[in-house]
């Protein structure tokens, strides 16, 4: 009888550990999906800036875009560089309470 109780205890501990692992895996998949989608949002915004006829002005701009049923907030900051013909562009993407999920930096010629 004691052997049965011990084996049931060991089985229940193992089962709880597996359930916990499954829950953590689901959370990890959710975080990876958010990072991938945020990366696409940042890349799309950067493509818009790089393909525009005029280089962006210095400063900070913010906006929001919907993708995959979620609202993504983006922020772009344009900096001057030591080269007068170049601008450094930094884009960050946030998702709700998670804060910054992705960021991207590139350089844009003024010409």
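List of remarks:
- Residue in segment 82-93 that is in contact with a strand residue (DSSP E or B) (Cβ under 7 Å, 6 or more places away or on another chain) and not in a strand (DSSP E or B) present: yes
- Residues in segment 52-79 that are at pLDDT 95 or above and more than 23 Å from the chain's Cα centre (by Cα): 58 only.
- Residue satisfying all of: in segment 80-98; within 12 Å of the chain's Cα centre (by Cα) and within 14 Å of residue 39 (Cα to Cα); surrounded by the fewest Cβ atoms within 10 Å (Cβ to Cβ) among these: 95
- Residue selection: residue 57 satisfies the criterion of being touching a residue at least 12 places away in the same chain (Cβ under 8 Å), loosely packed, with under 14 Cβ neighbours inside 10 Å and not in a strand (DSSP E or B).
The values are calculated or read from the model by the stated rules, or taken from the named source; none is laboratory data. Not measured: the values here are computed from a predicted model. Every residue, glycine among them, receives a Cβ derived from its backbone with ideal geometry; neighbour counts consider all protein chains shown.
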